[in-house]
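S.K.: Questions regarding the structure given below will be posed in turn.
The values are calculated or read from the model by the stated rules, or taken from the named source; none is laboratory data. The shown structure was predicted, so the numbers you read here are calculated from the model rather than taken from an experiment. All Cβ positions, glycine included, derive from the backbone under ideal geometry; neighbour counts span all protein chains shown. Calculation scope for accessible area: heavy atoms of the full protein, side chains included, ligands and nucleic acids excluded. Shrake-Rupley method; radii C 1.70, N 1.55, O 1.52, S 1.80 Å.
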Amino acid sequence: MAEGVTPRVKVPKKADAGEVITIKTLISHPMESGQRKDSDGNVIPQSIINRFTCEFNGENVIDIKMEPAMSTNPYFEFDAKVPEAGDFKFTWYDDDGSIYEEVKSVAVG
Amino acid sequence: MKFKAMTAVAALLVAAPIMGMADEEAELVVNGEIEMVTKTEPPAHLEGALPEIMSGWRFRSDETQQTQMDDFDNPGMIFVDQAQAAWDTAEGSEGKSCASCHNEPASSMEGVRAVYPKWNEEAGEVRTLAMQINDCRENQMGAEPWKYTGNEMTAMEALISIESRGMPVNVAIDGPAQSVWEEGKEMYYTRYGQLELSCANCHEDNYGNMIRADHLSQGQINGFPVYRLKNAKLNGSHARFKGCVRDTRAETFKPGSPEFVALELYVASRGNGLSVEAPSVRN
Amino acid sequence: MNFSRRETLGLGLGAMALTILPMGASAATVDELIAEFTGGADMADTGVTLTAPEIAENGNTVPISVEAEGASEIMVLATGNPTPPVGTFKFGPLAGSRSASTRIRLATTQEVVAIAKLEDGTFARTSAEIKVTIGGCGG
């Protein structure tokens, strides 16, 4: 697991049923591209988050395949429909097998 | 000598902006609620030196500017979250955390960033925020000091700065701090390095012009620590000073050195009246 | 001084272009990646939007947005990077729009391509030229 990985997610606390809301996510991660060399000239191996998903009450909102060209501390902004009250679940998948999760609840009404 | 140095500057500068510049009239409002002063009257001591003082935010592209306008777009906020965890974590021989003495930063750190660097009567010295943080770590917590420009330090400075966002920078330059401030001023106008450049040559005489593909700012530090797109982390003002002095092709001073403490006090005072923005976003 | 300057540069993406590794035999070309995504189908010139700055202040963090009405997936390729793939956005049943924004790395000035796979089985393509500048000061 990359050190000190911290997710940061913006989701409104409340929405109307059926409303479309905007979600922003950030996570601290070096996204080591595999293109860089250390000071001894050795290639620093690739180590990135390779996939991000967002689900609401188990149903998919977005599923993003991430490549080394994504910037350090990856950021996403996207829209989601909120059919009813429930939980957004955000999941980041690291090359090293680590999984980082964050859950945000939304009330309806 | 002066002629030579001027040639060096001229070679680096292009008068006509080549990059799409931000809207000159754009205003910085963070999270739709914190209204920042990014352009204002200069403090009295700058009389005649600058017609107005401007935050570095004004010199950035639209995209970079926008990144600072929402705390969920601003990647610097990740490190504020991390520093909050560090704030609550006991370290060192005394078993204390920052919170043991200072409770929550929201209640105890309001307005602190705005007045640093600041004279410390007990210690008889001008202290930067980073010096004060390390003093707490060593003498109150019995913990190891942090590296002056390291990630833990810049994150903690950002956490503390959050509680002053939108407040005007207001460092004291008179009284016991005056002699240090004078030293800093002397440095600001001293030409360093093989390129024989002073801070003023770029940031007072040529702000608004291009230096290669970069838009020169006034070198204000009201936004420090800043998240730079270039290295994707928070950067302290002394790290920036070091980079600048190095770019003049000089041997540089060390972050945390008395020279850079004096320079920080002076440069901070040039921004008296601008809002504390940290953590800001720059290129 | 030289050494630390070099080290600092080595950390920046500016150095990326200088230290690009030779393309591995397995690295797919832009054409191959597109063919794989579309199955060789024709691509319409309209129907997908790619929003990006004309000039990026730093190639390390370039904001982009993609949008395509009725898209099930949008793939983004940076044609001038040592490895072109950037990411593929798949929209699920609860997607509130067929759009997304992110920040990407560009090694140099180049064309960035977005290809949308639409729900009716057709494809749309667009591209944007993004100029990447090298800053004035290494600091």
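S.K.: If you add up the charges near C:Ser97, with Lys and Arg at +1 and Asp and Glu at -1, over every other residue whose beta carbon is less than 11 angstrom from its beta carbon, what do you get?
M.R.: On the way: positive: A:Lys81, C:Arg98; negative: A:Glu77, A:Asp79, C:Glu67, C:Glu69.
Net of charged neighbours comes to -2.
S.K.: When only alpha-carbon atoms count, how far does chain A stretch along each of its three principal axes, as whole angstroms with the largest first?
M.R.: Result, largest extent first: 59, 20, 18 Å.
S.K.: Can you list the residues of segment B:38-73 whose accessible area drops by at least 30 Å² going from the chain on its own to the full set of protein chains, with a 1.4 Å probe?
M.R.: Going by heavy-atom accessible area, the residues of segment B:38-73 that drop by at least 30 Å² are B:Glu63, B:Asp70, B:Phe72, B:Asp73.
S.K.: Enter the buried accessible area of the B/C pair, total of both sides, probe 1.4 Å, in Å² rounded to the nearest 100.
M.R.: Working: alone 13510 and 8810 Å², together 20330 Å².
For chain B against chain C, roughly 2000 Å² becomes buried.
S.K.: What is the interface area between chains A and C, defined as buried accessible area summed over both chains with a 1.4 Å probe, reported in Å² to the nearest 100?
M.R.: Using a 1.4 Å probe on protein heavy atoms, the buried area is about 2800 Å².
S.K.: For the modelled label position 7 Å from the Cα of B:Ala106 along Cα-to-Cβ, which residues of segment B:25-41 have backbone nitrogen atoms closer than 12 Å?
M.R.: Backbone N within reach: none found.
S.K.: Now, a different point. Below 8 Å between Cα atoms, with a sequence gap of 6+, how large is the relative contact order for chain B in percent? List each step's numbers first, then the result.
M.R.: Numbers: 529 pairs, mean separation 79.7, N = 283.
28 percent.
S.K.: Kindly compute the accessible surface that chains A and B hide from a 1.4 Å probe when together, both sides summed, and give it to the nearest 100 Å².
M.R.: Working: alone 6600 and 13510 Å², together 18990 Å².
When A and B are taken together, about 1100 Å² of accessible area is lost.
S.K.: Within chain B, what is the number of lysine pairs with alpha carbons under 16 Å apart, leaving out pairs fewer than eight places apart on the same chain?
M.R.: Values: B:Lys118/B:Lys185; B:Lys147/B:Lys233; B:Lys147/B:Lys242; B:Lys147/B:Lys254; B:Lys242/B:Lys254.
The number of close lysine pairs in chain B is 5.
S.K.: So, with a 1.4 angstrom probe, what is the percent of accessible area on chain A that is carbon and sulfur? Display every interim value, and only then the final one.
M.R.: Details: 2120 of 4730 Å².
So the carbon and sulfur contribution to the accessible surface is 45 percent.
S.K.: Could you tell me the largest-minus-smallest coordinate of the C-alpha atoms of segment B:185-260 on each of the three principal axes, in descending order and whole angstroms?
M.R.: 31, 30, 21
S.K.: What are the residues whose amide H is under 5 Å from the amide H of B:Asp214, where those residues sit 5 or more places off or on another chain and H is modelled from the backbone?
M.R.: Amide H to amide H, under 5 Å and 5 or more residues apart or across chains, B:Asp214 pairs with C:Gly136.
S.K.: Sorted by packing (mean other beta-carbon atoms within 10 Å per residue), highest first, where do B:131-143, C:36-48 land?
M.R.: On the way: B:131-143: 17.1, C:36-48: 13.6.
Packing proxy ranking, top to bottom: B:131-143, C:36-48.
S.K.: Just give the residues from segment C:45-92 buried by at least 40 square angstrom of accessible area in the all-chains context relative to the isolated chain, probe 1.4 Å, and say none if nothing qualifies.
M.R.: C:Ile55, C:Glu57, C:Asn58, C:Asn60, C:Thr61, C:Pro85, C:Val86, C:Thr88, C:Phe89, C:Lys90
S.K.: Still on this structure, please answer the following. Mind ranking B:264-277, A:74-87, B:64-77 by how tightly packed they are, going by the mean number of other C-beta atoms within 10 angstrom, highest first? Write down the numbers at each step before the final one.
M.R.: On the way: B:264-277: 25.8, A:74-87: 19.4, B:64-77: 21.1.
Result, highest mean first: B:264-277, B:64-77, A:74-87.
S.K.: Looking at segment B:233-256, which residues lose a minimum of 20 Å² of accessible area between their chain alone and all protein chains in place, measuring with a 1.4 Å probe and not counting ligands or nucleic acids?
M.R.: Relative to the lone chain, where solvent access is computed with a 1.4 Å probe, segment B:233-256 loses at least 20 Å² at B:Arg240, B:Arg246, B:Asp247, B:Glu251.
S.K.: Another one. Could you derive backbone 3J(HN,Hα) for segment B:127-142 from the dihedral phi with the Karplus parameters 6.51, -1.76 and 1.60 (θ = phi - 60°), listing whole Hz in sequence and x where the residue is Gly or Pro?
M.R.: 10, 7, 4, 4, 4, 5, 4, 5, 4, 4, 4, 6, 9, 9, 9, x
S.K.: Ignoring ligands, DNA and RNA, what accessible area per residue does the protein assembly as shown give at 1.4 Å, in Å²?
M.R.: Details: 23120 Å² over 531 residues.
It amounts to 44 Å² per residue over the protein assembly as shown.
S.K.: Kindly provide log₁₀ I(q)/I(0) values, in the same order as q = 0.07, 0.11, 0.14 Å⁻¹, from the Debye equation applied to equal alpha-carbon scatterers of chain B.
M.R.: Debye output, listed in q order: -0.25, -0.62, -1.02.
S.K.: Let me ask something else. Would you work out what percent of the accessible area of chain B, with all protein chains in place, is carbon or sulfur (probe 1.4 Å)? Don't jump to the answer; show the numbers that get you there.
M.R.: Numbers: 6150 of 12050 Å².
Carbon-and-sulfur percentage of accessible area, whole number: 51.
S.K.: Straight distance only, please: which aspartates and glutamates reach the Cα of A:Lys37 with their own Cα at less than 17 Å, same-chain residues fewer than 8 apart left out?
M.R.: Within the straight-line limit of under 17 Å, A:Lys37 reaches these aspartates and glutamates: C:Glu7.
S.K.: Would you please calculate the Kirkwood hydrodynamic radius of the protein assembly as shown over all C-alpha pairs and express it in Å, rounded to one decimal?
M.R.: Working: mean 1/r = 0.0406 Å⁻¹.
Over the protein assembly as shown, the inverse of the mean reciprocal pair distance is 24.6 Å.
S.K.: How many nm is it between the label spots at C:Glu36 and B:Asp70, if each spot is 7 Å from the Cα in line with the beta carbon?
M.R.: Going by the 7 Å Cα→Cβ label model, 3.2 nm.
S.K.: Next up: Could you list the GluC sites (Glu not before Pro) in segment A:1-49 that lie in coil according to DSSP, counting only those with at most 10 other Cβ atoms within 10 Å of their Cβ? Don't skip to the end; give the middle numbers.
M.R.: On the way: sites: A:Glu3, A:Glu19, A:Glu32; in loops: A:Glu3.
Sites meeting the loop and neighbour criteria: A:Glu3.
S.K.: Still on this structure, please answer the following. Work out how much length B:Glu125 to B:Ala44 would gain on full extension: take 0.36 nm times their residue separation and subtract the Cα-Cα distance, in nm to one decimal. Working shown, then result.
M.R.: On the way: separation 81, 0.36 × 81 = 29.16 nm, distance 2.43 nm.
Here the answer is 26.7 nm.
S.K.: Just from its helices, what would the mean residue ellipticity at 222 nm be for the protein assembly as shown, if runs of 4 or more DSSP H residues each count -39500 (n - 2.57) and the sum is divided by every residue, rounded to the nearest 500 deg cm²/dmol? Intermediate results must be reported in sequence, preceding the final value.
M.R.: Numbers: 13 runs with 116 residues, N = 531.
-6000 deg cm²/dmol, from helical runs alone.
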